[in-house]
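Trainee: The structure under discussion is supplied below as structure tokens; questions concerning it will follow.
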Amino acid sequence: MPVAASAIYFLNLRGDVLINRLYRDDVGGNMVDAFRMHIMQTKELGTCPVRQIGGCSFFYMRISNVYIVIVVSSNANVACAFKFVVEAVALFKSYFGGAFDEDAIRNNFVLIYELLDEIMDFGYPQNLSPEILKLYITQEGVRSPFSSKASNAQTAYPSDKPVPNATLQVTGAVGWRREGLVYKKNEVFLDIVESVNLLMSSKGWCWLWKLFLLMYALYNINHLVIAGSVLRCDVTGKILMKCFLSGMPDLKLGLNDKIGLEKESQLKSRPPKSGKTIELDDVTFHQCVNLTRFNSEKTVSFVPPDGEFELMKYRITEGVNLPFRVLPTIKELGRTRMEVNVKVKSVFGAKMFALGVVIKIPVPKQTAKTSFQVTSGRAKYQAAIDCLVWKIRKFPGQTEPTLSAEVELISTMAEKKSWTRPPIQMEFQVPMFTASGLRVRFLKVWEKSGYNTVEWVRYITKAGSYEIRC
Amino acid sequence: MAPPLVTLLSAELEIQYVSLRNINLIVQKRPTIIAHEIKVFFCKYNDPIYVKMEKLEIMIKLASDRNIDQVLLEFKEYATEVDVDFVRRAVRAIGRCAIKYESIISTLSESLDTLDEPEANASMIWIVGEYAERIDNADELLKSFLESFPEEPPQVQLQLLTATVKLFLKKPTEGLQQMIQVALNNATVETDNPDLCDRTYIYWHLLSTDPEACESFYLKTFVDPMWWVFPVNPASLFRSAKDVVLAEKPVISDNSNQLDTSLLDELRANIATLSSVYDKPPDAFVTRAKTASQRTEDDDCPGGYEKGYSANVARQPSLAQVMPALASLVPDLLNYRIGLENNAIIPADEPTMPSGPPLPILLPAYTGQGLQISAQLAQQDGQIFYSLMFENNSQITLDGFLIQFNKNSFGLAAAGPLQVSLLAPAAAARTLLPMVLFQNMSPGPPSSLLQVAVKNNQQPVWYFNDKILLHVFFTEDGRMERTSFLEVRSLFHIALVYCGTKLSKPYIMKDHTAERSSSMSFWSVIAETTMDRLAASNVFFTAKRKHANQDAWYFSAKIPRGIPFLIELTTVIGSPGVKCATKTPNPELAPLFFEAIETLLKI
């Protein structure tokens, strides 16, 4: 397996090195200067995340106001390197309590060095699981006073407990869980978090120039341009768990996914229950899930790690329930006026409601004046992003508020080019709703001592990239 | 395989980018696995430019009859975006898709009226002419344009003229005769554009001399204006108008961003690595590590060996030895040190290489899960052998080797079983497999391709290709005396086809060129060494002839079934190349033959 990194650098936006760690000596220590010279200070920045300068390759990512740069000189595994960075940032965040930025790095130099030593060895990524690392690197991150996240100091491991043997922990049969845990109250929290990605096509003919007319005439596809159709739509979901269970419990999770249900009815020779079943396109499990049992019985059974972890990730493309429909009409009345009408329909149950709904309706750069009428929430024009931003804090199901706005434009002779009409974007959170229709049917916990557990299940659907072209 | 690939597209942008680069490589090999997922590659508005460009590239590759509507519609959407580079790429993408699918042309006619740009009109008219047989009302369309011929801009006039002539040649009807007359007249009389006049004269000439086009055609009654332009014999200019006007156009193929297959295979072996992102094989961008690494290699430091690895990526054998050790090392992360100890042992018990000249590697260890096969056809004492070498770089003992040859032009097949029984890790075995000819002949023109399949009990079946070099077939009875040489030549007088090639590089004389200049023929020097070698390969010298400043050498060779090759090698004094010509009753073998001679001379 090729290496992932020879050196890692953390730079701020100016290009100062905040922290760095060399893992292999096949790259020089001054390589970061090349990065600064040839990438950061040029227009190249942001055009491609993988660059070669001289004999070295640079992979970089920007996370808030920090650039994380990996330098290699061999045929490294890029995918692995980027994944490493993503996981490392998640790890740092869990140590710092939320934020990862220049300040957080400056406040935690020692901790970061310690972590960097642990998570990569000679260019090969090692264990990056926060839950396990927190057993051995017990230093707590310095939280910025502005960090809003509540302290999660109530960890399962008070620091006075003996630190368990690291090798045994990782090489043992159940590497992710320590033996002999005791909780007074045995609780399991299960969160199903889904994000809906949507791309809707435009409603009608846009302005086209001659070439396109010609091309379209050639392919005779006028008939396909119909009122806003879904171009692509999918749900990426994850099941997050928080376990506070004693001993070595064995958990079994039942979902209403098609394959699992079919298998179950087959085993119990009982006709499949009616009701909605869903088809998971692609599933990724945490390492604790017993894959042989998943393959044979299609059930998710596992011995959970202690504390918080991501049990599985999945993706669904069929039968997605879109929580919102957006019906925009944008009319350009001459060169100086525009009329914007947007209707947003919530199509989930009337008893439910969405939170933090934000609808961003793009308007041309030369917008001078706007006036609104909204039936719910608040709207304003934000010149910085050239959008009308309509916010609705609490959005009940089965309602359809509308926004109608009049936009006045400065007529400029220079801007003859037609406005390109970026898509309308939407943000929201709908608690107790899953766009995929996924439900937890059961969560069983077995433990030798046979204690009782309390299980909590939450559902939430968020907007991923929810775009409606107009 | 599709679902996990699609899932990668919802990861972080940088990971998406790497995934897209790799999907691009996979799609070039197997477009079907992800063909119905094309929608996931639709660009989001906020995607960074590097992700958008890659998505566009994949969409072009995945475009098919089934989804072309959707894809074009999507490209249209991108063509209105802000980023100029991206827009340009999107417009080009439309063009590239158009090259792929020219099938739905007949419906374009409705849009003709709506166009008012001269370029657009000219292109449309060209399309009408080019695809006249698929457009029912092509004549009406052109007619309406011909009415306004004098007012049209020159580029439209030119296209109109060409289109009319094409249409006439495709469906010569009464109405068209009038049309073409109008067009020709207009274009010569009513215009002062010299380009237009010239083109018209040429068409006119072509039409009037073409018996097929003008059988009952009044054009003959015209004074062909060509005669006074070019006073030449009409017979010498005679060429069918169809041949000229409707000449087959070169197919516009879209090879941009297509990688060559061998490179693609290598890149796919390097999936997820830098190599797949750069589209370059690893040794093209990995520079040798600094000298410092040599030092560390001697140290006890575990890194030393690793460093050697990164420096030697290009060198096959050492890589092959290290790879399995690395593979075992990486998964058990905490046993890292133990893994390295094993690793350090490996160079000590390096496999003892069976002797013999090196054979070309046909199945590299990285494609063969550690099994490396090198092989070559060879002849020994008149018997053809397949000389094979197996090297086991994997961690397991391999046994139960079997070999199978696909049908090939010479019907090569194994005459006996493979004499390799068991191959321990890090061991190598060399064997000679006797071969027979004319066993499983493949039909069709002769090709040098030899497809081989090798199987063992532990691994999947490995397929690889080898090249058949004709000279291994040359038989010992190929010698011909001068008389019989001439006899054969006259015997096959008609059947023999003369094929010539110039061997571009001065392979044999490259050492001699400098010191022996024009005073001595190269061949007199070469003769002693080359002649023996050629004779050893059953290419026999017959005669030599000297011209003014060139020497001709005649040889003969024969392949099984008594097919003779009469060979003439010509050298010109003072110039380094050799020209090779051959006469044979089987001219289709000539390319293979030249390849063989080239190899023989090159050795």
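The values are calculated or read from the model by the stated rules, or taken from the named source; none is laboratory data. Just so we're clear, the structure is a prediction, and the values are computed from it rather than from any experiment. Reconstructed Cβ throughout: ideal geometry from the backbone, glycine too, with neighbour counts over all protein chains shown. In case anyone asks, the SASA skips ligands and DNA or RNA and just uses the protein heavy atoms, side chains included. Shrake-Rupley method; radii C 1.70, N 1.55, O 1.52, S 1.80 Å.
Trainee: Just to check I understand the Karplus step: with θ = phi - 60° and J = 6.51 cos²θ - 1.76 cosθ + 1.60, what whole-Hz values come out for the stretch A:99-104, glycine and proline as x?
Mentor: 8, 10, 8, 4, 4, 4
Trainee: List the relative contact order of the stretch A:391-470 as a percent without decimals, with contacts defined as Cα pairs under 8 Å and 6+ residues apart.
Mentor: On the way: 51 pairs, mean separation 34.5, N = 80.
It rounds to 43 percent for the stretch A:391-470.
Trainee: Packing-wise, with mean Cβ within 10 Å as the measure, how do A:118-127, A:102-111 rank, highest first?
Mentor: Values: A:118-127: 19.1, A:102-111: 17.0.
In decreasing order of mean packing, A:118-127, A:102-111 become A:118-127, A:102-111.
Trainee: Give me the inter-chain shielding for A:110-122: mean count of other chain Cβ atoms within 10 Å, whole number please. Walk me through the intermediate numbers first.
Mentor: Details: counts 0, 0, 0, 0, 0, 0, 0, 0, 0, 0, 0, 3, 5.
Whole-number average of other-chain Cβ neighbours for A:110-122 is 1.
Trainee: For a 31 Å ceiling on Cα separation, which of these pairs sit above it: A:Lys238/A:Lys360; A:Lys134/A:Lys238; A:Lys83/B:Lys55; A:Lys184/A:Lys258; A:Lys83/B:Lys44? Walk me through the intermediate numbers first.
Mentor: Working: A:Lys238/A:Lys360 26 Å; A:Lys134/A:Lys238 23 Å; A:Lys83/B:Lys55 20 Å; A:Lys184/A:Lys258 37 Å; A:Lys83/B:Lys44 22 Å.
Where the Cα-Cα span goes over 31 Å, the pairs concerned are A:Lys184/A:Lys258.
Trainee: Something else now. Just to be sure I understand: if you take the accessible area of chain B alone plus chain A alone and subtract the pair, with a 1.4 Å probe, what total do you get in Å², rounded to 100? Could you put the intermediate results ahead of the total?
Mentor: Numbers: alone 32230 and 25620 Å², together 51570 Å².
Interface between B and A: roughly 6300 Å².
Trainee: Continuing with this model, one more query. Can you put A:Ile19, B:Ile49 in order of accessible area, largest first, using a 1.4 Å probe? Provide the component values of the computation, followed by the final result.
Mentor: Numbers: A:Ile19 0, B:Ile49 40 Å².
Accessible-area ranking of A:Ile19, B:Ile49, largest first: B:Ile49, A:Ile19.
Trainee: Still on this model: Treat each spin label as a single point 7 Å out from the Cα along the C-beta direction, and report the B:Ser442 to B:Gln369 distance in nm.
Mentor: Label-label distance for B:Ser442 and B:Gln369, simple model: 2.6 nm.
Trainee: Which of the listed residues, A:Ile410, A:Gln382, A:Val357, is farthest toward the dipole's positive end in the stretch A:347-411, when Lys, Arg count +1 and Asp, Glu count -1 at the beta-carbon?
Mentor: Of A:Ile410, A:Gln382, A:Val357, it is A:Val357.
Trainee: A follow-up question, please. How high is the relative contact order of the stretch A:1-72, given as a whole-number percent (alpha carbon pairs under 8 Å, six or more residues apart)? Display every interim value, and only then the final one.
Mentor: Working: 109 pairs, mean separation 27.5, N = 72.
So the answer I get is 38 percent.
Trainee: Using only the Cα atoms of the stretch B:407-447, what are the Rg and Dmax in Å?
Mentor: My reading of the Cα-based Rg and Dmax gives 14.4, 42 Å.
Trainee: Just the ratio, please: alpha-carbon radius of gyration of the stretch A:353-415 over 2.2 N^0.38 Å, N its number of residues.
Mentor: Values: Rg = 13.5 Å, N = 63, 2.2 N^0.38 = 10.6 Å.
Ratio of Rg to 2.2 N^0.38 Å for the stretch A:353-415: 1.28.
Trainee: Give, rounded to the nearest 20 debye, the magnitude of the charge dipole that the stretch A:340-402 has about its Cα centre when Lys and Arg contribute +1 at Cβ and Asp and Glu contribute -1 at Cβ. Kindly include the intermediate steps, with their values, before the conclusion.
Mentor: Details: 11 positive and 2 negative charges, 29 e Å.
Charge dipole, the stretch A:340-402, about its Cα centre: 140 debye, nearest 20.
Trainee: Oh, and also: What nm distance separates the two modelled labels at A:Arg378 and B:Ala453, each placed 7 Å from Cα along Cα→Cβ?
Mentor: 7.3
Trainee: Work out how much length A:Asn30 to A:Thr47 would gain on full extension: take 0.36 nm times their residue separation and subtract the Cα-Cα distance, in nm to one decimal. List each step's numbers first, then the result.
Mentor: Values: separation 17, 0.36 × 17 = 6.12 nm, distance 2.31 nm.
Full-extension gain reported as 3.8 nm.
Trainee: In addition: Please work out, to two decimal places, the log10 of the ratio I(q)/I(0) at q = 0.15 Å⁻¹ from a Debye calculation in which every Cα of the stretch A:254-394 carries one identical scatterer.
Mentor: Log10 I(q)/I(0), no solvent term: -0.89.
Trainee: Could you work out the relative contact order of the stretch B:378-433? I mean the mean sequence separation of Cα pairs under 8 Å and 6+ apart, divided by the number of residues, in percent. Please report the intermediate quantities before stating the final value.
Mentor: Details: 86 pairs, mean separation 26.0, N = 56.
Relative contact order of the stretch B:378-433: 46 percent.
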